[in-house]
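The values are calculated or read from the model by the stated rules, or taken from the named source; none is laboratory data. The model shown is predicted, which means the values in this text are computed figures rather than measured ones. Because the Cβ atoms are built from the backbone with ideal geometry, glycine has one as well, and the counts that use them run over all protein chains shown. Quick note on the areas: whole protein, heavy atoms, side chains included, nothing else; ligands and nucleic acids left out. Shrake-Rupley method; radii C 1.70, N 1.55, O 1.52, S 1.80 Å.
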Amino acid sequence: MNVITDHLPEFGSGLLLTVELTLLSLAGALVAGIVVAAMRVSPVGVLRAAGMAYVETLQNIPLLVWLVLAVFGLPEIGVKAGLFTTAVVVISLYQGAYTAEAVRSGINAVPAGQGEAARALGLTFTQSLRLVILPQALRTVVQPLGNIAIMTLMNTALAAAVGVVELTAAANRVNLAEAQPIWIFVAAGLAYMALSGVVGLATGTLERKLAILR
């Protein structure tokens, strides 16, 4: 256990970066997901096709491939950004594809009469989606979004492969110095488990508060 206490600053720094990476990526994924979900239910065929192409492309290529392409490929065409910023953008866009599908399922779960009533009141598609449909849709998909949040947390570990010193990378650095992989990576795993537990509790609480009584 001394190996953990002796390297608490490294673990703490990696844990903090993991939390920051997760929160920023979740915010970006939610924005991207809502936009893409709106495109997928749009009456405009081109937008629906673009939304489908986004989801299919992002979901069918591993996140690690996207990270490597962004970190090592974009500088070759003159696009440069810090490793942390690049990781946030890539993870946000990747998780945005899954968020879009969750939000779209919520939109489809809203009774059709809600949209018809909005149109009868003279609201445009965008207005009815923003003011009537989305608020109800998001309340029905709190649990799926919570699962995506946990998925995002776990996927931040892949940022270690491209040089971001989050929790997994910090644990690996400590292991290279101490050569005690069991203690070190068990501690890292417990930290991820604790963070996932917090997300799960928050999701459950939020879901109960926002539950729609039928």
Between Leu129, Leu201, Leu30, find the one with the highest GNM mean-square fluctuation for the chain; connect C-alpha pairs within less than 10 Å.
Leu201
Along the range 140-151, Karplus-curve 3J(HN,Hα) (6.51, -1.76, 1.60; θ = phi - 60°) to the nearest Hz, with x for Gly and Pro, reads 8, 10, 4, 5, x, 5, x, 5, 5, 4, 5, 4
Ignoring any ligand, DNA or RNA, what whole percent of the accessible area of the range 16-166 comes from carbon and sulfur when the probe is 1.4 angstrom?
69 percent
Return the sequence-ordered ³J(HN,Hα) values of the range 175-182 in whole Hz as given by the Karplus equation 6.51 cos²θ - 1.76 cosθ + 1.60 applied to θ = phi - 60°, using x for Gly and Pro.
5, 4, 7, 9, 6, 10, x, 5
Residue separation times 0.36 nm, minus the C-alpha to C-alpha distance between Thr124 and Ala179: what's the value?
13.6 nm
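To the nearest 500 deg cm²/dmol, what mean residue ellipticity at 222 nm is calculated for the chain from DSSP H runs of n ≥ 4 alone, each contributing -39,500 (n - 2.57), summed and divided by the residues? It would help to have the intermediate numbers written out before the result.
On the way: 11 runs with 162 residues, N = 214.
Taking each H run of at least 4 residues, the total per residue is -24500 deg cm²/dmol.
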Here are labelled values, (1) 1.19; (2) 1.42; (3) 1.05, and one is the computed Cα Rg over 2.2 N^0.38 Å for what I pasted. Which one?
(1)
Backbone HN-Hα couplings from phi across the range 23-34 [Karplus 6.51/-1.76/1.60, Hz, Gly and Pro as x]:
5, 5, 5, 5, 4, x, 5, 5, 4, 4, x, 5
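Using 0.36 nm per residue, how much length does the chain from Val68 to Ala109 gain when fully extended, once their Cα-Cα distance is taken away? If you can, show how the numbers build up before the last one.
On the way: separation 41, 0.36 × 41 = 14.76 nm, distance 3.70 nm.
Net length gain for the segment: 11.1 nm.
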For the range 136-199 and the range 65-131, what is the separation of their Cα centres, given in Å?
23 Å
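Can you give the accessible area per residue of the chain, in Å², using a 1.4 Å probe?
Details: 11450 Å² over 214 residues.
About 54 Å² of surface per residue is accessible.
Using the beta-carbon distance between Ala117 and Leu201 and R0 = 41 Å, what value does 1/(1 + (r/R0)^6) give for FRET efficiency, to the nearest 0.05? Intermediate results must be reported in sequence, preceding the final value.
Working: r = 36 Å, r/R0 = 0.88.
For R0 = 41 Å, the calculated efficiency reads 0.70.
Would you mind calculating the gained length between Asn2 and Met193 on full extension (0.36 nm times residue separation, minus the Cα-Cα distance), in nm to one decimal?
Values: separation 191, 0.36 × 191 = 68.76 nm, distance 2.11 nm.
Computed gain between Asn2 and Met193 is 66.7 nm.
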